[in-house]
Amino acid sequence: MTKRKHHDSEATHPEVKVVDSKHEHGGPVIVTFPGTEPAQDTLFDSYKNRTDSKKKQRIIAGETEKIEFVGKNHGPDTADIPCRYVVGVYSKKDNTVTLQEAPVFNMHRNVKALKGLKSQVSAKNSFLEAKNTLGDTFGTKKARQQIRSAERNEVKAEALGQDVVSTMQNEIDVAAQAVPTIEDIQKEQEQDRPVPPYDASATSPEHIYNLEDIISSEELNAVPIKDVLKCTTMDELKEQLPYTLSQFVNSRLLTLVTAKGKTDRKQVRMLMYISYLMAYYQMRPAMAGKRDQVNTTLYNPPAAIVDRMLERYTSSGRRTPMMQDKLACYMLILCLMVDKFIVDPELLASDLSLKPTKTINLLKNVGCKVEYLSATQVAALGLTGKVRRASLIAPVTFPVARKIPERK
């Protein structure tokens, strides 16, 4: 029984004859792709050296739309391969296994888009090498030490390896995608603009901003003006004002309360409220969120006014730089409303102890156009020299983000 099974086994698994073949043309190869592998449908061509002494030297090359792959089985690329490889091919017809030598190819990757840059880098490196040679030959001892130090600290791309270079390139690409576009910057500016709600389609300045969005009717009616209406001189008026250093407010208030006929009480209340805002603007940011300090600085204004000031112009108990600009913009819009939407930026800058450039930037941020008056207009105002005016223009426009020039 055992003998019959042995014969059956021999019939099923016959002896295989092994033939060592030294095939020189074509045949299989072994390739390695450090880092990135090409798509499976990428085509590769094989090139053979025609010289008899180098007939086993071959080059394999293939490419995709963006990357070239090149490998060879000779030279420095194969210096670190300690052994030879063979591939066995089994033939059912001849019942043989053919062992065929399979050369190893280390494939290298070249990005097509970077080819032009390599020549520039090569030229730069050649110049640096020549410069270093001169410095090493004719330079001082200190210069030669600097050259040696630079050479020791130099990091070559080859030493990093293709994987590291690829990773760095990927990180650069991701970072580039994260850079905001000009549209993103404009959208962010729109959200952060320190102005009240506005009507972008308004065709006249008085319809761009709504007074209720800056000061509510409750606040406006709470502004005390009884004693102000009794004033007949500037000294008497200043006794009633929380902020006495504003020529803009003082001159207009005195004109209103001393004019004959019915007094425009709404204008008086608005100017008084601007005086409150100017006094509040001068407070230190750390103190601007403390109710007792606000009451003292503004000479105990109505609680409704203080409540809304703290609500509008402070964040977490203090006035941030963003809130500071918001306060200034709301105040300037009120000044525009009082003065028929044309104001003197230099006068307001003086009232607020600001540089004219800062005040002009704030006025532009609320939608004003700032221009120099003509000689005729200046003369009509009884003034001399260069005079600027800021006008709120409809439809309203705001400063746009400056586009960063592209690198060449």
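Between K369 and I30, how high is the FRET efficiency from 1/(1 + (r/R0)^6) when r is the Cβ-Cβ distance and R₀ = 56 Å? Nearest 0.05.
Efficiency, rounded to the nearest 0.05: 0.15.
Taking 28 Å as the cut-off for C-alpha to C-alpha distance, list the pairs among K226/K260; K260/K340; K262/K358; K55/K112 that go past it.
Distance filter (> 28 Å) returns K262/K358; K55/K112.
For region 320-330, what does the Karplus curve 6.51 cos²θ - 1.76 cosθ + 1.60, with θ = phi - 60°, yield as ³J(HN,Hα) per residue in whole Hz, taken in order and with x for Gly and Pro?
7, x, 5, 5, 4, 5, 4, 4, 5, 5, 4
Expected output is a single nm value to one decimal: the length gained when fully extending between K266 and E206, i.e. 0.36 nm times separation in residues minus the C-alpha distance. What is it?
Full extension from K266 to E206 adds 20.0 nm.
So how much slack lies between K386 and K141, counting 0.36 nm per residue of separation and subtracting their Cα-Cα distance, in nm?
82.0 nm
If I model a spin label at E346 and T376 as a point 7 Å from the Cα along the Cα→Cβ vector, what separation in nanometres do I get?
Those two pseudo-labels are separated by 2.2 nm.
Bear in mind these aren't lab numbers, they're just calculated from the coordinates by the rules spelled out. Quantities reported herein were computed from a predicted structural model and do not represent experimental measurements. Every residue, glycine as well, gets a Cβ built from its backbone with ideal geometry; the counts of neighbours run over all protein chains shown.
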